[in-house]
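What follows is a single structure, written as structure tokens, with notes after it.
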Amino acid sequence: MTALALPTRRDEDFRYADLEALAPLWPVLVETIEVAAGGSGALTIVASADAPVRSLSITLGAGAAFDLRILNAGLAYGRIALSVRLDDGADFTLGAAQLGSASETLEIVTTVTHGAPNATSRQTVRSVLAGHATGTYLGKVAVARGADGTDAAQSVRAMLLDRTATANAKPELEIFADDVKCAHGCAVGELDAQALFYMASRGVPPAQAKRLMLQAFIAEAFVGAADEDALTAAALERLETLV
Amino acid sequence: MTVLHITNLSATVAGKPILKGLSLAIGAGEIHAIMGPNGAGKSTLSYVLGGRPGYEVTSGSVTLTSPLPFRGGDGGGVSPVRPRFDDSPHPNPSPEGEGLNIDLLALAPHERAALGLFLGFQYPVEIPGVSFVQFLRESLNSQRKARGEAPLSGGEFLKLAREKAALLKLDMEMLKRPVNVGFSGGEKKRAEMVQMGILDPAFAVLDETDSGLDIDALRVVGDGINAIMRRPDKAVLLITHYQRLLDYVRPDFVHILSAGRIVKTGGPELAHRLEAEGYEAVAA
């Protein structure tokens, strides 16, 4: 990669980024993953201080499958950018959880391109934000001309534990084919007060009740992962510090 | 011994007065029914007793005399509210120091539960992603912890849950599902009673537990209430619109709640008169 200029807020993909934290890490090396036709792969990224900002370029050959899980938590600034290109009949799964507190800035930015017919993509992103944390998901699904039979889904939900936290969510579709199925759902909310009282009325203390509900909320991002238990445990550990 | 003593209780919801000087004493071993027209304050009373946020007590007191030992707090640090003990001489002091009069209104909802208060919901809440088994084990063990009792193991808990599910004729498989999600109205009410069986409270407030039940379910739920709660050391406050449930769970006292106060008290025959003549005629 050539030495690109540091992005500014005018760059859509960096609109909510922590540019100050990004500057010393720039330019970010793009990691490439290629899965040959008919092959399959999986990757789990647990954000760490060693590599807080990552950029992945994933190319899936015809009929290939890739399962990516992300736990973005515990960093002052954590950013994971994905550029995914799907060939005929390829299948891509993203399950990501972002858990932020204090003034942390966490973001996941994806572009999933259905370049050929009959590819499927499923993106599930769950964010839990406390304090003054900011959690962002910018996700673009691009369906190329002729990529009929595309099936793309984005499910993006954020839970704000404090009114001072911020969630940005922008699922985006760019479709140039006729016969496609693209679904996106997006919601930002707070923990259900009724459910919290119901649990309290049975004897569950408030913090424990919140943890139970958030655990279930985050689990949606990790369902079916090869290391589901380990990821859930890691997320739970982080949750303990949020409520 | 009086289990629950409500004195001159007034409460508002969103600034609007709903309860206006309600007084009621419920003794150990007794089942009381509260009936009343829509908007009389029946559900408000149950939420005030349970401590639901948004239901503000403006005057009066509620004293619970629990047979359960209570240590306060959730074991996870300093509790924001401590039980306040009544200064008046105890009517029936036990040598263990249990059965103290406790100011219920000073406690957080989960602390009231640990003291032995159970609130049966008119509309049980769905909690996606959290199974009944997980939720109830957490509930029971949180209560036990607050009382200084050892937690139940997974195996012990499942045995208890199976026993109570069978009592209420609820398929144990349903308790492996997320809390109330996809349950019919009747199943939700049965599940409420299974929860009551597992938590084994000293005092239960059941808010329209009979609504949404078909005739067979009504009998099962009624039998369940009797099996779990009809004990010399327990008491029940049944809130209902209809006399039907009272055929199965025979109350010792029936109260009519109207405009935020108890306006009439009688025996089971009062419920029959209400059914026949209506609130306006009987309460006038």
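A short reminder: the numbers here are calculations on the coordinates, not readings from a lab. Since the structure is predicted, the reported quantities are computational estimates derived from the model, not experimental observations. So basically every Cβ, Gly included, is an ideal-geometry build from the backbone, and we count neighbours across all protein chains shown.
Residues A:Lys181, B:Lys264 in ascending order of nearby Cβ atoms (within 10 Å, fewest first): A:Lys181, B:Lys264. Amide H to amide H distances under 5 Å link A:Thr166 with A:Ala133, A:Thr134, A:Gly135, where only residues 5 or more positions off or on other chains count and H is placed in the peptide plane. A simple spin-label model places pseudo-atoms 7 Å from Cα toward Cβ; at A:Phe176 and B:Ser59 they are separated by 7.5 nm.
Using the Stokes-Einstein relation with a Kirkwood hydrodynamic radius computed over Cα pairs, the translational diffusion coefficient of the stretch A:12-190 at 4 °C and a viscosity of 1.567 mPa s comes to 79 µm²/s.
Relative contact order (percent) for the stretch A:6-103, with alpha-carbon contacts under 8 angstrom and 6 or more residues of separation? Please list the in-between numbers first.
Values: 194 pairs, mean separation 24.7, N = 98.
Rounded, it is 25 percent for the stretch A:6-103.
Label separation (A:Arg145 vs A:Ala226): 3.9 nm, computed from points 7 Å beyond Cα along the C-beta direction.
The simple Förster model, with R0 at 41 Å and r as the Cβ-Cβ distance, assigns B:Asp214 and A:Ala23 a FRET efficiency of 0.05. The sum of -39500 (n - 2.57) across all DSSP H runs of n ≥ 4, divided by the residue count of the protein assembly as shown, sets its helix-only mean residue ellipticity at 222 nm to -8000 deg cm²/dmol.
If you bin all the Cα-Cα distances of the protein assembly as shown at 20 Å, starting from zero, the percentages per bin are 20, 42, 27, 11, 0. Above 16 Å, the calculated P(r) of the stretch B:160-284 contains 63 percent of its Cα-Cα pairs.
Simple spin-label estimate for A:His132 and A:Glu237 gives 2.8 nm between the two label positions (7 Å along the Cα-to-Cβ direction from each Cα).
Which pairs, out of B:Lys20/B:Lys145; B:Lys16/B:Lys188; B:Lys42/B:Lys189, put more than 28 Å between their alpha-carbon atoms? Going by Cα-Cα distance, B:Lys20/B:Lys145; B:Lys16/B:Lys188 fall outside the 28 Å limit. In order along the stretch B:154-168, the Karplus-derived 3J(HN,Hα) couplings, from 6.51 cos²θ - 1.76 cosθ + 1.60 at θ = phi - 60°, round to x, x, 4, 5, 4, 4, 5, 4, 4, 4, 6, 5, 5, 4, 9 Hz, and Gly and Pro are given as x. Under a model in which nothing but the beta-carbon of Lys, Arg (+1) and Asp, Glu (-1) is charged, the protein assembly as shown shows a dipole of about 1160 debye around its Cα centre. Amide H contacts of B:Leu100: B:Ser66, each under 5 Å away and 5 or more positions distant or on a separate chain (H built 1.01 Å from N in the peptide plane; Pro and chain starts excluded). Pull out a ≥ b ≥ c, the square roots of the eigenvalues of the alpha-carbon gyration tensor of chain B, then state rounded if a/c is under 1.5, prolate if not and a/b is larger than b/c, and oblate in the remaining case. Oblate shape, in that a/c is at least 1.5 and b/c is the bigger or equal ratio.
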